[in-house]
Structures are given as structure tokens and as C-alpha cells.
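Student: Below is one structure. I have some questions about it.
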Amino acid sequence: AMGAGAALADYDDDELVIDGVKIATKVPAPPGHPLPEIVSGWRFRSDETQALEADDFENPAMVAVDYGQSLWDAVDGEAGKSCASCHGDVEESMKGVRAGYPKWNEKAGRPFTLENQINACRTENMKAEPWKWESREMLAMTALVGKQARGYPMKIQKDGPMAEWIEKGKELYYTRFGQLDLACSNCHEDNYGKMIRADHLSQGHINGFPTYRFKWQGLGSLHRRFKGCMENIRAEPFKRGSDEFVALEAYLAVRGEGLGIETPAVRN
Amino acid sequence: MAAPRILTAAALTAALAGGAWAAETAPAEVRFDGSAVPQRLTDAPGDPARGRAVFIDRKLGNCLACHANSDMADEPFHGEIGPPLDGVADRWSEAELRGILVNSKKTFEGTIMPAFYKDSGFNRPLKKFAGKPILTAQQVEDVVAYLLTLKEE
């Protein structure tokens with residue numbers, strides 16, 4: 001419901017609790033942050049959509065999480081291993097992990113998204129084929145691993161080699177693209193809380209991905225959402241997994257620092 | 001238009017019908033007087049009914065994405081990003097409205113409102129839109145004609 005605290009912008013005061021775990025959907029912004037307060041996209045959704053995410057029995061993404069669990073246990077590749085062979089119980093080994101991604105990978109010399117890390121384990125540790133970014137398997141596995149961080153505050157490494165990626169992402173965030181000539185900031189910083197035709201603009205945070213969207217009738221990756229936002233402004237999108245989208249993801253992880261992971265979130 | 005044109009009877013008929021024959025000013029040739037554009041972009045006058053449809057159409061003006069408009073109260077979902085356009089013809093002249101449509105950034109520096117009649121200078125435009133303006137010259141004239149009907153008195 002639209003709450004009284006919506007003085008600055010139109011989002012509600014509801015609190016998100018899933019399975020007894022309270023998830024931070026609004027946190028104070030540190031000094032110098034471009035937003036007055038950091039608010040999850042969940043607060044901008046209707047009560048009905050919010051309720052679906054708040055109840056694991058109603059959340060339509062849970063089918064994919066179950067599929068992720070079966071993949072976790074399945075032997076695949078020439079090394080004859082499953083994820084479980086090395087990592088054991090996903091609920092133990094992957095606790096909180098997603099909240100620290102993207103994460104610098106020394107060997108690759110670049111930040112790894114969760115997708116990158118999973119595929120590195122598949123190709124190097126399992127000698128299996130990598131999964132495609134938007135495949136059913138990758139979405140299920142990122143949802144399963146992501147869910148183990150539910151409620152953990154997003155917080156990634158910001159210094160060292162991550163710094164220039166974050167800076168590059170920030171630059172992209174404020175760059176106008178496409179025939180409509182808009183930057184991410186024009187919608188998600190300057191106008192969040194307002195309606196843009198039928199859509200209620202949020203701050204565009206990443207703490208819920210992969211996310212179940214009614215529009216997609218299924219789960220979609222964060223980079224799919226980036227692509228969609230770019231196409232909406234009639235811009236040629238960057239590719240999923242591209243340096244540009246990884247940089248944007250790293251910047252947005254910093255921009256939303258402190259928000260609780262909601263994976264798998266539900267959005268319209 | 002750099003200079004008045006002499007039209008043949010056939011061309012004039014086509015132009016009045018809003019056909020492809022209508023002489024029109026290319027985006028790069030539009031002449032601004034400050035931020036206003038005094039001259040029509042086509043020889044055919046704008047049609048307010050067509051302009052109203054362009055205003056609503058999500059693939060054309062999609063003006064309703066950002067502007068509420070009481071004249072369209074029957075349409076669902078009016079945006080809140082820009083000011084409501086009720087009575088806009090009382091606030092701006094025809095030339096000013098044309099200027100806002102062609103390139104709003106000349107009127108409102110740094111605005112979020114797209115330029116509707118500009119075909120270059122974009123960063124990574126989708127291939128199918130590259131080198132093209134969002135609206136045709138005639139559609140701009142149609143929307144201007146429609147906006148001029150929005151009076152409150």
C-alpha cells in the first residue's frame with residue numbers, strides 16, 4: 001500500500017519478510033551517494049506482486065530453484081563430478097555468496113558475475129560444456145545459488161582492480177543512449193517513484209536477480225533486463241556478459257550496497 | 001524550408017493529402033529562431049485528429065508515457081514525468097511548440113524529453129532506427145496542430 005513515508009517519492013512502507021527472514025528493502029544512503037535513500041524495486045510494486053515474492057509457496061520462480069537443486073546434484077562432464085561433489089550442501093556452501101558478486105577473479109583478470117563463476121566451475125572443474133547466459137539451466141542455478149544469500153546485504157569489493165570497473169559502470173549509467181537519448185539515471189535517479197505510462201519507476205536495483213517477471217512469464221537474468229531497458233530507449237544493447245554489462249552490474253552492486261538479496265524476486 | 005516552393009498541381013494535391021510528395025524540411029535543415037521553429041516542416045497543414053493518435057501511439061509519439069492529458073481521460077495510464085499538457089496552447093505559441101517537438105533540448109536544457117525530429121548525433125541507436133527521426137515531418141505538424149487545440153481559456 002502507498003504509505004505515509006512516501007514524502008520524497010512514491011513507494012510504500014511495507015516490510016519484506018520471507019520465511020521469517022527480514023530483508024532490507026530500504027537502507028540509508030552513505031554521504032555522497034546520488035540517492036537520498038536506497039530503496040528496492042520491491043517497494044514500488046503492487047501489494048499483489050509483493051505478496052507473491054513474500055511467500056515461497058506462491059513465488060512462481062521456485063519451480064526453477066527446484067530444477068537448480070536437481071542440476072546441483074547431477075553429475076555432468078568428463079570429470080564425472082556434480083556441483084555437490086565439491087561444494088556439498090548448497091545451503092551451507094553457498095550461504096551469502098551472491099551478495100559479494102561481481103567478484104574479482106585473479107586468474108581471469110576480470111570481475112566474475114555469478115554466471116561467469118558457475119561456467120568456470122563447469123568448464124574447468126567438471127570438464128563440462130558451459131551453459132548459455134539465458135539458458136534454463138543457468139537461470140535455475142543462479143536462482144538456487146542466489147537464494148542462499150537471501151537477506152544478506154549486497155556488498156562487493158570496491159577497491160583494487162574492481163575500482164576501474166565500477167568507475168566504467170558509473171560512466172555508462174550516466175551516458176545517454178539510443179534514439180530516445182536517455183541515460184539510466186534519467187529514469188532511475190531523476191524520476192523514480194513516478195509513473196511512466198503503466199510502469200512505476202523504481203531505482204533500478206539488482207538485488208533480486210535472476211527475477212521472475214510476469215512480462216517474461218519466467219525467470220530472466222540481470223543482463224536481460226539491461227538489454228530490455230536499452231531497447232526501450234531504442235539503443236543497440238550491449239551483449240549479455242559483455243565488459244559493459246559486467247561494469248554496469250558492478251556499479252549497480254555498489255549503488256545498492258546494503259539492500260538485502262531477494263533472489264528470486266518477483267516483478268511485473 | 002529554405003525558400004518558398006512552387007508546386008505543380010499534382011504535387012500540391014499529393015501534399016494536401018499528406019502523401020509522400022509533400023515537400024518537407026529534412027531534420028538537419030530545420031531553421032530555429034532561438035528555440036522556436038516558425039516555419040512548417042511540410043506544405044500540408046497539420047491534422048489535429050491524426051496528431052492526437054500519434055500522441056497516444058506507443059510506437060510513435062508515446063507522449064502519454066510522460067504527460068497526463070485530460071483530453072484523453074478515456075485512455076488508461078498517463079505518465080507523471082513531464083507537466084500535464086492541459087492548456088498547453090495558452091502557454092506556448094505554434095512556433096514554440098514546434099521547436100519543443102523538433103528538439104526540446106533547445107527549450108529545456110538537459111531535459112529527459114526526446115527530440116522527435118532529429119536524425120543524427122545519437123549514441124548506439126538501434127539499427128532499425130539509425131539515421132531516422134522518431135516522427136516524420138508530417139507527424140510533427142499533426143501533433144503541433146493537435147497541441148494547438150489544448151486550450152483552457
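Student: When the residues of the range A:159-193 are filtered to those that are among the charged types (D, E, K, R), at negative phi and within 9 Å of chain B (Cβ to nearest Cβ), which remaining residue is surrounded by the fewest Cβ atoms within 10 Å (Cβ to Cβ)?
Tutor: Let us first name the residues in the range A:159-193 that are among the charged types (D, E, K, R), namely A:159, A:164, A:167-168, A:170-171, A:176, A:181, A:189-190.
With at negative phi added as a condition, the list becomes A:159, A:164, A:167-168, A:170-171, A:176, A:189-190.
Remaining after also requiring within 9 Å of chain B (Cβ to nearest Cβ): A:176, A:190.
Details: A:ARG176: 18, A:ASP190: 15.
Only one residue tops the list, namely A:ASP190.
Student: Here is a further query. Return the residue satisfying two criteria in turn: it lies in the range A:199-235 and is in contact with a Pro (Cβ under 7 Å, 6 or more places away or on another chain) and open to solvent by 30 Å² or more (accessible area, probe 1.4 Å), and of such residues it is nearest to A:ARG43 (Cα to Cα).
Tutor: The residue in question is A:TYR212.
Student: Follow-up question, since we're still on this one. May I ask you to list pairs of residues, at least six apart or on different chains, whose Cβ atoms are under 6 Å apart, with the first in the range A:238-262 being more than 27 Å from A:ARG45 (Cβ to Cβ) and the second being open to solvent by 10 Å² or more (accessible area, probe 1.4 Å) and charged (D, E, K, R)?
Tutor: From the range A:238-262, the pairs are A:ALA247/A:LYS168.
Student: Here's something else I'd like to know. Contact list please: Cβ distance under 7 Å, first residue in the range A:42-55 and in contact (Cβ under 8 Å) with a residue 12 or more places away in the chain, second residue part of a helix (DSSP H, G or I) and surrounded by fewer than 22 Cβ atoms within 10 Å (Cβ to Cβ), pairs at least six apart or on different chains.
Tutor: Close Cβ pairs (under 7 Å, with a partner that is part of a helix (DSSP H, G or I) and surrounded by fewer than 22 Cβ atoms within 10 Å (Cβ to Cβ)) amount to A:TRP42/A:GLN50.
Student: A further question follows. Scan B:ALA28, B:ALA44, B:ALA20, B:ALA2 and give me the residue that is closer than 16 Å to B:LEU135 by Cβ, modelled with pLDDT under 95 and either outside any loop (DSSP other than H, G, I, E, B) or open to solvent by 20 Å² or more (accessible area, probe 1.4 Å) (or both). Break it down stepwise before answering.
Tutor: Numbers: B:ALA28 fails: modelled with pLDDT under 95; B:ALA44 fails: either outside any loop (DSSP other than H, G, I, E, B) or open to solvent by 20 Å² or more (accessible area, probe 1.4 Å) (or both); B:ALA2 fails: closer than 16 Å to B:LEU135 by Cβ.
Every option except B:ALA20 fails the conditions.
Student: Against the definition (in contact (Cβ under 8 Å) with a residue 12 or more places away in the chain and away from chain A (no Cβ under 14 Å)), how does B:ASP74 come out, yes or no? I'd like the intermediate steps shown before the answer.
Tutor: Working: in contact (Cβ under 8 Å) with a residue 12 or more places away in the chain: no; away from chain A (no Cβ under 14 Å): yes.
Against the criterion (in contact (Cβ under 8 Å) with a residue 12 or more places away in the chain and away from chain A (no Cβ under 14 Å)), B:ASP74 does not qualify.
Student: Restricting the range A:194-214 to residues that are more than 7 Å from chain B (Cβ to nearest Cβ) and under 28 Å from B:THR111 (Cβ atoms), which is nearest to the chain's Cα centre (by Cα)? Show your work before the answer.
Tutor: Our first condition is that a residue be more than 7 Å from chain B (Cβ to nearest Cβ); within the range A:194-214, this holds for A:199-214.
With the extra rule that they be under 28 Å from B:THR111 (Cβ atoms), the set shrinks to A:199-206.
Working: A:ASP199: 19, A:HIS200: 19, A:LEU201: 17, A:SER202: 14, A:GLN203: 13, A:GLY204: 10, A:HIS205: 7, A:ILE206: 4 Å.
Among them, the one singled out is A:ILE206.
Student: Let me ask you something else. For the range A:236-251, what are the residues that are open to solvent by 10 Å² or more (accessible area, probe 1.4 Å) and at negative phi?
Tutor: A:GLU236, A:PRO237, A:PHE238, A:LYS239, A:ARG240, A:SER242, A:ASP243, A:GLU244, A:LEU248, A:GLU249, A:TYR251
Student: Quick check: anything in the range A:72-90 open to solvent by 30 Å² or more (accessible area, probe 1.4 Å), within 20 Å of the chain's Cα centre (by Cα) and farther than 16 Å from A:ILE261 by Cβ?
Tutor: no
Student: Run down A:GLY100, A:GLY109 and say which single residue is at positive phi and either in contact with a helix residue (DSSP H, G or I) (Cβ under 8 Å, 6 or more places away or on another chain) or open to solvent by less than 60 Å² (accessible area, probe 1.4 Å) (or both).
Tutor: Numbers: A:GLY100 fails: at positive phi.
Selected residue: A:GLY109, the only one of A:GLY100, A:GLY109 that is at positive phi and either in contact with a helix residue (DSSP H, G or I) (Cβ under 8 Å, 6 or more places away or on another chain) or open to solvent by less than 60 Å² (accessible area, probe 1.4 Å) (or both).
Student: Have a look at B:LEU60, B:LEU64 and point out the one that is farther than 20 Å from B:ARG31 by Cβ, among the hydrophobic types (A, V, I, L, M, F, W, C) and either touching an Asp or Glu at 6+ places or on another chain (Cβ under 8 Å) or at the interface with chain A (Cβ under 9 Å from one of its Cβ atoms) (or both). Talk me through it step by step, then tell me what you get.
Tutor: On the way: B:LEU60 fails: either touching an Asp or Glu at 6+ places or on another chain (Cβ under 8 Å) or at the interface with chain A (Cβ under 9 Å from one of its Cβ atoms) (or both).
Answer to the selection: B:LEU64.
Student: Please specify each residue of the range B:88-107 satisfying the condition of being open to solvent by 20 Å² or more (accessible area, probe 1.4 Å) and polar (S, T, N, Q).
Tutor: Selection gives B:SER93, B:ASN103, B:THR107.
Student: Take the range A:118-131 and flag every residue that is open to solvent by 20 Å² or more (accessible area, probe 1.4 Å) and either assigned to a loop (DSSP other than H, G, I, E, B) or under 13 Å from A:VAL246 (Cα atoms) (or both). Steps first, answer last, please.
Tutor: Step one: of the range A:118-131, the residues open to solvent by 20 Å² or more (accessible area, probe 1.4 Å) are A:118-119, A:121, A:123-125, A:127, A:129-131.
Within the range A:118-131, A:LYS127, A:GLU129, A:PRO130, A:TRP131 qualify.
Student: In the range B:108-135, what residues are buried (at least 18 other Cβ atoms within 10 Å of the Cβ) and either more than 14 Å from every other protein chain (Cβ to nearest Cβ) or of a type in the set (Phe, Trp, Tyr) (or both)?
Tutor: Of everything in the range B:108-135, those that are buried (at least 18 other Cβ atoms within 10 Å of the Cβ) and either more than 14 Å from every other protein chain (Cβ to nearest Cβ) or of a type in the set (Phe, Trp, Tyr) (or both) turn out to be B:PHE116, B:TYR117, B:PHE122.
The values are calculated or read from the model by the stated rules, or taken from the named source; none is laboratory data. As the structure is a computational prediction, the values presented were derived from the model and not from experiment. Because the Cβ atoms are built from the backbone with ideal geometry, glycine has one as well, and the counts that use them run over all protein chains shown. Each accessible area value is taken on the protein alone, full model and side chains, heavy atoms only, with ligands, DNA and RNA left out. Shrake-Rupley method; radii C 1.70, N 1.55, O 1.52, S 1.80 Å.
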